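This is the structure I have questions about; it appears just below.
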Amino acid sequence: MSNAAPVITAWSLHLPGIDLSPALTERFGLSADLAGQPAVPAERAAEVLGRKGMLYKEPATRLALCAVHRAFAVPAGKRPGFAPSPGTAVVVASNLGNVEAVARVTRTVQAEGGSAVSVLDAPNASSNIIASTIALWFGFGAANLMVCSGTGAGFDGLELSLLLLRAGRADRVVLVGAEPDDPVATELYAGSGRLRAGAACLVLEQPAAGERRLSVQLSDGPGLPDLTVGPGGDFDPARQWGEFYGAQDVIALALAAELAVAGQHGTVGVRSTGRPRQAVLSPGGGP
Amino acid sequence: MPALIAASAIRTCFGNGAATFDALLRGASGVVPLRHGDPARLHVSYGYHAEGSDPERPFLAGELLADCLSEAAGQAGLDPSGKRVAVLVGTGLRELSAVERWVLGEPVFDPERLHFGDLVRRALPGVREVVTISNACSASGHALALAQDLVELGEADAVLACGADTMTRSMLAMIGRVAPVPTEQVHPFDADRTGVLLGDGAAAVVVVPASWSGPVLGRLAATGLSCDAHHETAPDVEGISRSMRDAFARAGRNPAEVDLVVAHGTGTALNDAAESEALRKVLLGAGADPLVTGVKGATGHTSGSASLVNLDVALRCLAGGVVPPITGLRTVLAEGDGLRFVAGEPAALQPELVQVNAFGFGGVNAVTLLEAA
């Protein structure tokens, strides 16, 4: 167990159909290809991930895989080919990732009976499909958590990621947020807002190695850095682009990391979309 | 410093924890004709429905969970106000049956009702964090692991680790799709097992630090976690074994010390073989000779609640010095050779270290070690 602040060693955004300029490029000095944007939509995920293994992968799973693929800088179209990593945990925040699959199976049973259901859809009936697929795809064998706690799920995911590191359950945590915008998810969310499809990934580690050191700490106090991302902050992805629901806070965190390092804005704060919580990302962190 | 269990409450097809344990000792099965969805269309004829509840009642998982939360908090004498109390809810299927009802014509609902945050805050006013962790059939084991971490790191005064799951049509359809013949009864670790059936269930345990001055049911040595990263649905002996070894390493205990296993035992071809092999490798290989019991022949597979249902049974074994038999076990599977499964009659045993297993879809594994307080 360690008391030093964990560090973010890599991050990515995968936000299909979203033009990051001029909102970010002009105002915050980020380059137009920020964190690997532009991103392909879920149906073109094979361009990033390669063609094998895409069958029966739900849109949120594809977007999540794309985000992790980008965070680890795997070449486009290639499988990662990583050695198994029993010390790497996966934490995913998503609320609507498998509702389309659940609806599809329900309609098929109703219309044609259970024999018409594909067994290949079986993993999608379980809500943890995104987290377990990331583990399988990249060989991450430590704790695997699927956080489905609604608005603010991403921040819950951050807190659990930090807990896994503090408790010595992992030496590296891959935190992912992902939501789809399929018709079922969109209609279910319509009463709350306009749902956008997107994913983001942060890689958190104990402060030992890691070239791009960016410490992350939870903050209780009222004082946040001059630049903040999230509700009421200097840049609110939800107001600018639409709502990513369970993925929202992870997207804000990845964006904050980009602002802090690539944008050279120094310390950047992140506010959760759920209950009031905040995090502070500081370049040059760690021991 | 190990964490303590101050209280435990469960709901199964038999009712509460005492009723469930009594039924297990009698070798009873709670299996009944399926009353969720259309059994003919689903190709699933039987299930284990929560005692006293309408299986089609909307948001039933949350109702069962609320009952457990109130019972566990009351049992522990825990008042969350003014304390740092967190609630971690493990679930496999959340309230996804609401999505299915909506698809079949009922009005749309707030997606925030898919998780258990609002419900928990109403049931236990004053709690701080409430997080729903959707980790398939080992979800509540994961909640228990994280609860212990929070308590041991001094980040919470108490944590309620919970589980809640009721049936969904989509998961029933998958069970019906893969079973060669419809299963009539779960037969864990049986040579002629025919597959799994679902059971409604919920659970809540109160995890507290060693400084706790209230009632204590048992001591949590550790929970080990792992992910197979091997196959989307099929279990992996190596992945399962890693979660067991993780538990022993975290607890600083030796596998040879285990004298009782409350196994996952789902009655499926793959789980029971892989679990038996892992138990032989990790426990028997270290010189242990534990009794092995399991509940799913009696309760069905309570999915996200299963780990804490097992834990409640383990606590009662510790308290009473008697281990219930595995309902539905007739002839032990070949892979279980050398393991002492409890079958037919209860066994007298005052266990000192109990291992509780839970494994889930996607290769998510949680293994808990528990001992007397």
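Does B:Ala145 count as within 10 Å of another protein chain (Cβ to nearest Cβ), outside any strand (DSSP E or B) and touching a residue at least 12 places away in the same chain (Cβ under 8 Å)?
Yes.
Shifting gears a bit: State all residues of region B:81-96 that are surrounded by fewer than 24 Cβ atoms within 10 Å (Cβ to Cβ) and part of a loop (DSSP other than H, G, I, E, B); if no residue qualifies, say none.
Answer for region B:81-96, where residues must be surrounded by fewer than 24 Cβ atoms within 10 Å (Cβ to Cβ) and part of a loop (DSSP other than H, G, I, E, B): B:Ser81, B:Gly82, B:Lys83, B:Arg84.
Do you know which residues across region B:148-180 are within 11 Å of chain A (Cβ to nearest Cβ) and without any contact (Cβ under 8 Å) to a residue 60 or more places away in the chain?
Of everything in region B:148-180, those that are within 11 Å of chain A (Cβ to nearest Cβ) and without any contact (Cβ under 8 Å) to a residue 60 or more places away in the chain turn out to be B:Asp149, B:Leu153, B:Gly154, B:Met174, B:Val178.
On to the next question. Residue check: is A:Val147 touching an Asp or Glu at 6+ places or on another chain (Cβ under 9 Å), under 18 Å from B:Asp149 (Cβ atoms), at pLDDT 95 or above and not hydroxyl-bearing (Ser, Thr, Tyr)?
yes
Let me ask you something else. Looking at B:Gly199, B:Gly195, can you tell me which residue is surrounded by 24 or more Cβ atoms within 10 Å (Cβ to Cβ) and small (Gly, Ala, Ser)?
Matching residue, one of B:Gly199, B:Gly195: B:Gly199.
The rows are residues; the columns are (1) at the interface with chain B (Cβ under 9 Å from one of its Cβ atoms); (2) crowded, with 23+ Cβ neighbours inside 10 Å; (3) touching a residue at least 12 places away in the same chain (Cβ under 8 Å).
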| position | (1), (2), (3) |
| --- | --- |
| A:Val99 | yes, yes, yes |
| A:Ala111 | no, no, no |
| A:Ile129 | yes, yes, yes |
| A:Leu163 | yes, no, no |
| A:Arg166 | yes, no, yes |
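Go through the residues of region B:44-57 one by one and say whether even a single one is within 14 Å of chain A (Cβ to nearest Cβ) and either of a type in the set (Phe, Trp, Tyr) or not in a loop (DSSP other than H, G, I, E, B) (or both).
no
Could you grab me the full set of residues in region A:185-210 that are surrounded by fewer than 20 Cβ atoms within 10 Å (Cβ to Cβ), in contact (Cβ under 8 Å) with a residue 60 or more places away in the chain and touching a helix residue (DSSP H, G or I) at 6+ places or on another chain (Cβ under 9 Å)?
none
For region B:97-135, enumerate the residues that are among the small types (Gly, Ala, Ser) and either assigned to a loop (DSSP other than H, G, I, E, B) or closer than 30 Å to B:Asp79 by Cα (or both).
If the condition is that a residue be among the small types (Gly, Ala, Ser) and either assigned to a loop (DSSP other than H, G, I, E, B) or closer than 30 Å to B:Asp79 by Cα (or both), then B:Gly105, B:Gly117, B:Ala123, B:Gly126, B:Ser134 are the ones that fit.
Then there is this: Answer yes or no as to whether B:Thr223 is under 30 Å from A:Ser85 (Cβ atoms), within 14 Å of chain A (Cβ to nearest Cβ) and modelled with pLDDT under 95.
no
Which residues, counting only those in region B:19-43, are away from chain A (no Cβ under 14 Å), in contact (Cβ under 8 Å) with a residue 12 or more places away in the chain and either surrounded by 20 or more Cβ atoms within 10 Å (Cβ to Cβ) or over 16 Å from B:Met167 (Cα atoms) (or both)?
First, pick out the residues of region B:19-43 that are away from chain A (no Cβ under 14 Å): B:19-33, B:35.
Add one more test, that the residue is in contact (Cβ under 8 Å) with a residue 12 or more places away in the chain, and what stays is B:19-21, B:23-25, B:27-33, B:35.
Correct list: B:Ala19, B:Thr20, B:Phe21, B:Ala23, B:Leu24, B:Leu25, B:Gly27, B:Ala28, B:Ser29, B:Gly30, B:Val31.
What about A:Ala178, is it more than 7 Å from every other protein chain (Cβ to nearest Cβ) and over 17 Å from the mean Cα position of the chain (by Cα)?
Answer is no for this residue.
Follow-up question, since we're still on this one. Return the residues of region A:113-123 that are of a type in the set (A, V, I, L, M), free of Cβ contacts under 8 Å to residues at least 24 places away in the same chain and either closer than 30 Å to A:Cys201 by Cα or within 7 Å of chain B (Cβ to nearest Cβ) (or both); say none if nothing qualifies.
If the condition is that a residue be of a type in the set (A, V, I, L, M), free of Cβ contacts under 8 Å to residues at least 24 places away in the same chain and either closer than 30 Å to A:Cys201 by Cα or within 7 Å of chain B (Cβ to nearest Cβ) (or both), then A:Val117, A:Val119, A:Ala122 are the ones that fit.
The values are calculated or read from the model by the stated rules, or taken from the named source; none is laboratory data. Treat the numbers as computed from the prediction; the structure is a model and nothing was measured. Cβ sites come from the backbone with ideal geometry, for glycine too, and all protein chains shown count toward neighbours.
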